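S.K.: Below are the structure tokens for one structure; questions will follow.
Just so it is clear, none of the values below were taken in a lab; they were calculated from the coordinates. This structure is a prediction, so every number in the text was calculated from the model and none was measured. Here the Cβ positions follow ideal geometry from the backbone for every residue, glycine too, while neighbour counts run over all protein chains shown.
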Amino acid sequence: MILVVFFVDQDGFVLADDCDGNNQNINASQDEIVYNGIIDVCDPSTLDDVLDQDGFVLVDDCDDNNAIINPNQEVLVYYGIDVDCN
């Protein structure tokens, strides 16, 4: 039996484990580059449009650098910060 392993994009990941076999810059060893429209790390739970990974995309999140500030937060009176993006 001959075992053939395919490294189509030459990134070191076999085709079965590579989420994009045509792009060597997309694989499990990469860092996520946010806002580029690509899930670079092959992990669908890592959202490309969410820098703070709070689950709210940039268009809905008024502070995408702080996971505590998002539209789902309860308004804290006298807190002085718009935590719920309203």
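S.K.: Work out the length of the dipole vector of the range 25-86 about its Cα centre, built from +1 on the beta-carbon of each Lys and Arg and -1 on the beta-carbon of each Asp and Glu, and round it to the nearest 20 debye.
M.R.: Working: 0 positive and 15 negative charges, 7 e Å.
Here the size comes out at about 40 debye.
S.K.: Of Asn23, Gly37, Gln53, which is farthest towards the positive pole of the chain's charge dipole, taken about the Cα centre with +1 and -1 on the beta-carbons of Lys, Arg and Asp, Glu respectively?
M.R.: Working it through, the farthest residue towards the positive pole turns out to be Asn23.
S.K.: Now for a different question. Taking a ≥ b ≥ c as the square roots of the eigenvalues of the Cα gyration tensor of the chain, is the shape rounded (a/c under 1.5), prolate (a/b larger than b/c) or oblate?
M.R.: Working: a/c = 5.08, a/b = 4.01, b/c = 1.27.
Here the chain falls in the prolate category.
S.K.: Length gain on complete extension for the stretch Gln53 to Asn23, per 0.36 nm per residue less the alpha carbon to alpha carbon distance? Could you put the intermediate results ahead of the total?
M.R.: On the way: separation 30, 0.36 × 30 = 10.80 nm, distance 2.43 nm.
Using 0.36 nm per residue and subtracting the Cα-Cα distance, I get 8.4 nm.
S.K.: Still on this structure, I have one more. Suppose R0 equals 30 Å; then what is the FRET efficiency for Ile38 and Leu76 from their Cβ-Cβ distance, rounded to the nearest 0.05?
M.R.: Values: r = 36 Å, r/R0 = 1.20.
Efficiency at R0 = 30 Å is approximately 0.25.
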